[in-house]
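Here the structure is laid out as structure tokens; the discussion comes afterwards.
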Amino acid sequence: MKKTFPRLAIYLNCFVLAVCLEGCAGDPLQSGLDPFAPMVFKEGTTTMPLNPPNQATLLPFYVSQHTIFKFAVDTDSILIGADGVTRYIVVMKSPSGNEQTQYEGIRCDSFQWRLYGTLENGAWRENPLSTWRNIQNNVPNRYQASLAQGAFCNFNSQEKNIKTILDSLNPNGFIGGQKPTNSYGIQ
């Protein structure tokens with residue numbers, strides 16, 4: 001009996017040590033995979049649209065009471081990317097009637113936008129200097145902020161449901177993330 005007890009103690013100690021080591025191997029801080037660490041953004045491939053915006057699916061949207069431009073988004077062009085970027089075609093019209101059409105993307109997690117290209121003479125031209133820029137919230141032509149706050153984002157995460165985005169863009173209820181006020185500040 002005296003010989004089996006030390007042998008049993010050695011086996012028990014080895015078993016406890018093995019269980020402890022196995023438990024440490026699954027520790028995210030030991031393995032380097034911290035579930036609370038910030039994710040590194042990796043943008044997917046972006047291809048330019050093949051066609052100009054579809055006039056039948058252009059939907060005007062509210063930007064601010066201070067803007068003099070008119071804005072519309074081609075609802076057929078809205079692409080909810082798996083990389084967290086919502087891509088779309090936007091058409092801007094000046095008071096003189098000049099139009100500019102752009103293909104852009106919005107990131108909700110960082111509140112940024114990117115100009116991928118413009119429509120020139122009926123053909124898409126890629127922007128070679130395209131970079132992510134912060135969305136400006138306090139300028140009159142704040143259309144990216146209106147789209148992000150009013151339709152494309154759910155706080156700081158991407159809206160994944162196209163129907164929810166289209167419902168949010170409804171011209172009768174879309175306010176671009178801000179309620180319009182009259183000159184006395186009354187809503």
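The values are calculated or read from the model by the stated rules, or taken from the named source; none is laboratory data. On a predicted model such as this, the values are computed, not experimentally measured, just so you know. In this analysis, Cβ positions are derived from the backbone assuming ideal geometry, glycine residues included, and neighbour counts consider all displayed protein chains.
Among the residues of segment 138-171 satisfying the criterion of being closer than 22 Å to P95 by Cα and surrounded by fewer than 20 Cβ atoms within 10 Å (Cβ to Cβ), which is modelled with the lowest pLDDT?
Checking each candidate, the answer is P171.
G32 - would you say it is on the phi > 0 side of the Ramachandran plot and either surrounded by fewer than 17 Cβ atoms within 10 Å (Cβ to Cβ) or modelled with pLDDT of 95 or more (or both)? Walk me through it before giving the result.
Working: on the phi > 0 side of the Ramachandran plot: yes; either surrounded by fewer than 17 Cβ atoms within 10 Å (Cβ to Cβ) or modelled with pLDDT of 95 or more (or both): yes.
For G32, the condition - on the phi > 0 side of the Ramachandran plot and either surrounded by fewer than 17 Cβ atoms within 10 Å (Cβ to Cβ) or modelled with pLDDT of 95 or more (or both) - is met.
Restricting to segment 64-84, and then to whatever is free of Cβ contacts under 8 Å to residues at least 60 places away in the same chain and part of a strand (DSSP E or B), can you tell me which residue is nearest to the chain's Cα centre (by Cα)?
So the residue we want is L79.
Here is a yes/no grid of residues against (1) farther than 22 Å from N156 by Cα; (2) touching a strand residue (DSSP E or B) at 6+ places or on another chain (Cβ under 6 Å):
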{"site": "T67", "(1), (2)": "yes, no"}
{"site": "D74", "(1), (2)": "yes, yes"}
{"site": "I80", "(1), (2)": "no, yes"}
{"site": "G84", "(1), (2)": "no, yes"}
{"site": "V91", "(1), (2)": "yes, yes"}
{"site": "S96", "(1), (2)": "yes, no"}
{"site": "E104", "(1), (2)": "no, yes"}
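Kindly indicate which of L119, L79 is at pLDDT 95 or above and crowded, with 20+ Cβ neighbours inside 10 Å.
From the options L119, L79, the qualifying one is L119.
Examine segment 87-101 for a residue that is in contact with a Gly (Cβ under 6 Å, 6 or more places away or on another chain), surrounded by 13 or more Cβ atoms within 10 Å (Cβ to Cβ) and either among the small types (G, A, S) or in contact (Cβ under 8 Å) with a residue 60 or more places away in the chain (or both), and state whether such a residue exists.
Checked segment 87-101: no residue is in contact with a Gly (Cβ under 6 Å, 6 or more places away or on another chain), surrounded by 13 or more Cβ atoms within 10 Å (Cβ to Cβ) and either among the small types (G, A, S) or in contact (Cβ under 8 Å) with a residue 60 or more places away in the chain (or both).
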